[in-house]
Protein chains: 2
Amino acid sequence: MNIRVQKYGGTSVGDVDKIKKIRDMIIQKVQQGEKLLIVLSAMGTTTNQLIELAKGVSEKPSPRELDMLLTTGEQASISLLTMALVDQGCRGISYTGHQLGIETTSFHQNAKIKKINSEKILQVFKKYDVIVAAGFQGINRNQEYTTLGRGGSDTSAVALAAVLDAPCEIYTDVDGIFSGDPRKLNGAKKISRISYDEMMEMASLGAGVIHPRAVELASKYKTPIYIASTFSEEEGTWITKREEVMEEAVVTGITSSLEDVQITIKNLNPAVENLSSLFSRLGEGEVNIDMISQMVISEVLMNVSFTIPKTALETAKEIMYSWLNGNENSKVEYNDGIAKISVIGLGMRSHSGVAARVFKTMAVNRIPIKMVTTSEISITWIVDEEHENRAVDLVGKEFQLSNDFS
Amino acid sequence: MNIRVQKYGGTSVGDVDKIKKIRDMIIQKVQQGEKLLIVLSAMGTTTNQLIELAKGVSEKPSPRELDMLLTTGEQASISLLTMALVDQGCRGISYTGHQLGIETTSFHQNAKIKKINSEKILQVFKKYDVIVAAGFQGINRNQEYTTLGRGGSDTSAVALAAVLDAPCEIYTDVDGIFSGDPRKLNGAKKISRISYDEMMEMASLGAGVIHPRAVELASKYKTPIYIASTFSEEEGTWITKREEVMEEAVVTGITSSLEDVQITIKNLNPAVENLSSLFSRLGEGEVNIDMISQMVISEVLMNVSFTIPKTALETAKEIMYSWLNGNENSKVEYNDGIAKISVIGLGMRSHSGVAARVFKTMAVNRIPIKMVTTSEISITWIVDEEHENRAVDLVGKEFQLSNDFS
């Protein structure tokens, strides 16, 4: 059986007219003899509205009950699209996560998919042409409703595509993946093919079109993802295996973000202070550490610098205060006026000199680099936030990521 | 285990503040050592809003998908109340109809409860003090969500109370059952106890506080129902077995409605025209016939008069037109300017003369009676609609249903 898996996000099912447009696109495919598994998010801003409602009765809502509430969002959107399909004589049927046998771990608001009953899906397709499935949700072994957390519907769609051995088409409000954020990189180019690894770096670093979790899952099961705009005819972007990305660009994309803060601790004694104990304490406090740079100046003097999300700063301060307890020599500096910029590309593995070109571009244009880290396929560096857009633009031009030759 | 079953309607959980008030009342009971099973409707006008949304995508929404949509309403309200309870340290948990094992027939939008898993409920009460259950919904044998139709949450609550062998408390926006509609009967009195049979007559005839289905179910399982106002200290009304209604009033209540139309067919030939064929055709067309009066004038001449809901008039006209096909002698008259008035009372069984007192009251006050039917515990008659309020008031005084002695 040839099954097409398509996921539509919240803005794509934001109102009755949009639902009808999606209905028409689906019916067209059915008339061409296709079977479709449609995965939906909740309509528009429903999920946020439900969270607001929950906050009205409890500042810290019970996680189990919050999932009970949140799962109503997709249940509403799947029933509405299916009504619209059935209304036009299409053989469609909707299923919630639990009805579809999407088993998850127990952790509410951040459950992981454990198993999907693909037999059931194949059975249903014998009688129906379209299954409309609720994304973002599942059921744990106690038969309680769970949700998958951020990017959950993308993850549901990829998991369903994986068990059905089909590609996963994700329709959203942008035309695909670009070499940079068009608001920052003038003339950013659409990427027609990108590898899972590059996309994971891009997504983690702020591209925001698809959640890294979903890309990771797709990578694990070698499920091709196609990202395109719901209501446009433009070709989108394929996210696929490295082998299928024909021409490896040295640099595929550039991303930047203002969401981090740099913390520097000076004058530590490497013989006495154990950095790993600080990092595990921060980890226990759910403070995600991103970049780390450490410099041993002498046998008794060491500086360390790392970045964390701005939202975690207060927690991090408390943890560091207790960790440094009594150490009068050390000095802690916080810098929240930074921009984190990354270039990503499979080609970096074989092409040396990318870092050198980045450093040179920054130096020639008098943009000081505050910190650098590298991975196999990316280089990430920190600049003062006022240089963000210029840095992105200059590096974008250096690596031909832009169509703008001005 | 001593379990208290309470049902709160849509207006009682209409907003966050009301939910918090109910929370406080529940917590008070828990602190007194009680176990509570709370049955909720959807918040405020949610169900109607969802139906509007459905109509936006399909004029005649798929019944299965409409239930998929409607069941989200109670799922939201139960999760919110439970969050509010848990927030205050109360051991509460919410369950949808399907999680609670409320099995129903398959008929969407009008399913009947077949079975409830009371074992599960008792198990849950070992760990929790409050179960918040979604009213109005269940699951059929294909594991599809169903809803119970009008008065569904009342029915859920009574069914749950029945399997737990507990009374069923129904909290709503009125203080209980009155001897008549206070807008029509000045000084209408609150009834402290009323029998199931009387209540069924009252409910069918328009009292509107509780659905007759729920009363019928309670009657079958001898489940006492207590109806009172959510946010008032006033004593409410018990609906219970005849034996427990101590002092049987001759007439317990009076109801009236303007929702019917009277149809009269004159000059039928009783030897030729078979009335039962007309009534079964109307039944097949889902036209509910209420009162029927038939008069054979001679061997070849018969008149018949009956009432149906105004909403069914167009359908009824078509059916009658085809049934009378070619009969040029017969004449059909429609009268939609009528009021249907009923007096109900267990005491009628033993007290004769109630009909006579009704007729006399009407005659003395020059209100012509158009049609009459009687049951064991009620008398129903038709007057012109302009006489409705005066007729109700006069009969209310005749049978001491009113505190208003003016």
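Protection proxy ranking of B:32-42, A:27-37, A:129-139, by the mean of other Cβ atoms within 10 Å over each peptide's residues and highest first, is A:129-139, B:32-42, A:27-37. Computed from the Cβ-Cβ distance with R0 of 25 Å, the FRET efficiency linking B:T374 to B:I297 stands at 0.65.
Dipole of chain B computed with +1 at Lys/Arg Cβ and -1 at Asp/Glu Cβ about the Cα centre; of B:V372, B:T230, B:W323, farthest Cα towards the positive end is B:T230. Using the Cβ-Cβ distance between A:N325 and A:E286 with R0 set to 22 Å, the FRET efficiency from 1/(1 + (r/R0)^6) comes to roughly 0.55.
Shielding of peptide B:90-100 by partners, expressed as the average count of other chain Cβ atoms within 10 Å per residue Cβ, is 3.
In a simple Cβ point-charge model (Lys, Arg +1; Asp, Glu -1; nothing else charged), the range B:3-173 has a dipole of about 380 debye relative to its Cα centre.
Comparing mean-square fluctuations of B:I289, B:I78, B:I239 from a GNM of chain B with C-alpha springs under 10 Å, the top value falls on B:I289. Calculate the all-directions average of the projected area of the range A:260-335's alpha-carbon convex hull, and give it in nm². Convex hull of Cα atoms, orientation-averaged projection: 4.4 nm². Convert 25 °C to kelvin, take the viscosity as 0.890 mPa s, use the Kirkwood radius over C-alpha pairs of the protein assembly as shown as Rh, and evaluate the Stokes-Einstein diffusion coefficient in µm²/s, rounded to a whole number. Once the numbers are plugged in, D ends up at 78 µm²/s. In loop segments of the range A:276-360 as defined by DSSP, the GluC sites (Glu not before Pro) with at most 11 further C-beta atoms inside 10 Å of their C-beta are A:E286, A:E299, A:E328.
With the label put 7 angstrom out from Cα along the Cα-to-Cβ vector, A:R366 ends up 10.6 nm from the copy partners, going from closest to farthest.
Quick check on packing: order A:106-112, A:396-402 by the mean number of other C-beta atoms within 10 Å, highest mean leading.
Ranked from most to least packed, the peptides come out as A:396-402, A:106-112.
Each other copy places its own label point for B:E243 at 8.1 nm from this one, sorted shortest first, where the point lies 7 Å along the Cα-to-beta carbon line.
How many times 2.2 N^0.38 Å is the alpha carbon radius of gyration of the range B:328-377?
Details: Rg = 14.6 Å, N = 50, 2.2 N^0.38 = 9.7 Å.
Normalised Cα radius of gyration, the range B:328-377: 1.50.
Packing, taken as the mean count of other beta carbons within 10 Å per residue, orders the peptides A:46-58, A:251-263, A:364-376 from highest to lowest as A:251-263, A:46-58, A:364-376. The mean count of C-beta atoms from other chains within 10 Å of the C-beta of residues in B:63-71, rounded to a whole number, is 6. The rotation axis that maps chain B onto chain A passes nearest to the beta carbon of this chain B residue, listed with its distance in whole angstrom: B:T72, 2. In this assembly of identical copies, the label point of A:S350 (Cα plus 7 Å along Cα-to-Cβ) is separated from its counterparts by 10.3 nm, sorted shortest first. For the range B:94-139, dividing the convex hull volume of the Cα atoms by the residue count gives 55 Å³ per residue. Each Lys and Arg contributes +1 and each Asp and Glu -1, all at the Cβ; summed about the Cα centre of the protein assembly as shown, the dipole is approximately 1260 debye. Listed by number, the DSSP H helices of chain B that run 30 Å or longer by alpha-carbon position along their axis and have mean Kyte hydropathy of at least 1.0 come to an empty list. Only one residue of A:V354, A:V215, A:F399 has its Cα farthest out toward the positive end of the dipole of chain A, where Lys and Arg carry +1 and Asp and Glu -1 on Cβ, and that residue is A:V215. Two decimals is fine: what is log10 I(q)/I(0) at q = 0.10, 0.13, 0.14 Å⁻¹ for chain A, from a Debye sum with one equal scatterer on every Cα and no solvent? Log-scaled intensity ratios, in q order: -0.78, -1.16, -1.26.
FYI, it's all coordinate maths here, none of it is from the lab. These figures come from a predicted structure and were not determined experimentally. FYI the Cβ positions are ideal-geometry reconstructions off the backbone, even for glycines, and counts take in every protein chain you see.
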